[in-house]
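**Q** Please see the structure below; I have some questions.
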Amino acid sequence: MSDNKPKKFGEVFSRGNSSKRSTKSYHRNNDRYSKVDDNASVRSSTSHQNTNKYLQFLEQENTQYKRASSDLQKAHEDLKRECELLKTENENLRKLLDERDAEIFDMSQKLNELHNSKFKHSRFSSIRQNFQNIFQRRKTKEELVKKKILQNEANFRTTLEKMEKDADFKNVPRVLVEAVKVLEAKFMNVIGLYRVSGNYAVVQDMRFHINSNNFEVLRTQKDAHTITGIIKLLFRELEEPMISLKHLDTHIDDSNFLALSQEYQIMQVQKLVGTLQPIHRDTLQFLMKHLNKVIQYQGNQNNAHSLSVVVGACIFYELLSDVDFHQNLAKCTVSNKCIEIMIEDYSAIFEQV
């Protein structure tokens, strides 16, 4: 009986509200799940679209790569054809060159045969044979020098020891002293002194007069460049150079000489001058003192560097058979720098040796 008791109005009302609440929460949950499903479907559709676009892009790249590879293959084939054509042309040119060489060789042989046949039976063949015999019996230069048939010149193409010396400067050649006296008396303001070449024919004519002990031609000469040409010729034609490149190489290290300070360069040049023979040192000192005076005159437009380029080739030289050409060029900068220091710092080099 207790189970069939009538329920209170508040309980019935509360139960109805609870059922309503449960239905509302159910619907809310369903809405939430439906929203999640919609988002997942959107994401899957966008990813599918992106994959499709990427696949399309790859297909386009693949087609472009195929086109480029086909173009490269065509270009490679064209190059192969051109190479084959060049090879064939090269072979044809070689054949033509061989044929021309053979023709030239045949022509030269025929010319020699014709030349020999003409002279063999001509009346000049005996004269020719006699001249050949004379030249074959010709004596060498050494034999002529021993027999004193061929003698050295008095002031040129000889050594400093054999030259005639000046009365005042006993170790200096007379021709150098006479030429310097004339230059310092008349021509120190001439533009381009030592840099301008003199008349070659006049220089050679003066050379023969000086070898004949006629120094008056120097005193009466009116062209300064001819006198400087005599001085340059004197040193250029020495049998032994004033300072050989080998001697320079043994006393000055050309690898770092130009990088040294001016003080150390002067010390190196002092040592070089101190190793020279007395005749060479005195002659070099006389010349450098004169060149130091030359640069004091502004009228000749000279400086120590310009004079070193001109005079350096006459002071420092070696036979071309003994020195490699490229080594000679590399040493020219060092030798010219030494001459420049001797001219510019004359007192520091020679008066303290």
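The values are calculated or read from the model by the stated rules, or taken from the named source; none is laboratory data. Model, not experiment: these values are computed from the prediction. Note that each Cβ is placed from the backbone with ideal geometry, even for glycine, and that neighbours are counted across all protein chains shown. Heads up: the accessible areas ignore ligands, DNA and RNA and are worked out on the full protein's heavy atoms, side chains in. Shrake-Rupley method; radii C 1.70, N 1.55, O 1.52, S 1.80 Å.
**Q** Considering only residues that are closer than 29 Å to residue 342 by Cα and not polar (S, T, N, Q), look in region 207-221 and name the one that is surrounded by the most Cβ atoms within 10 Å (Cβ to Cβ).
**A** 210
**Q** Something else now. Scan 66, 24 and give me the residue that is modelled with pLDDT of 85 or more, basic (Lys, Arg) and part of a helix (DSSP H, G or I).
**A** Residue meeting the stated conditions: 66.
**Q** Pairs please, first residue from region 176-201 and in contact (Cβ under 8 Å) with a residue 60 or more places away in the chain, second anywhere and open to solvent by 70 Å² or more (accessible area, probe 1.4 Å) and not in a helix (DSSP H, G or I), Cβ atoms under 7 Å, 6+ apart in sequence or on different chains.
**A** Listed pairs, sorted by first residue: 177/169; 188/297; 189/297; 191/301; 192/301.
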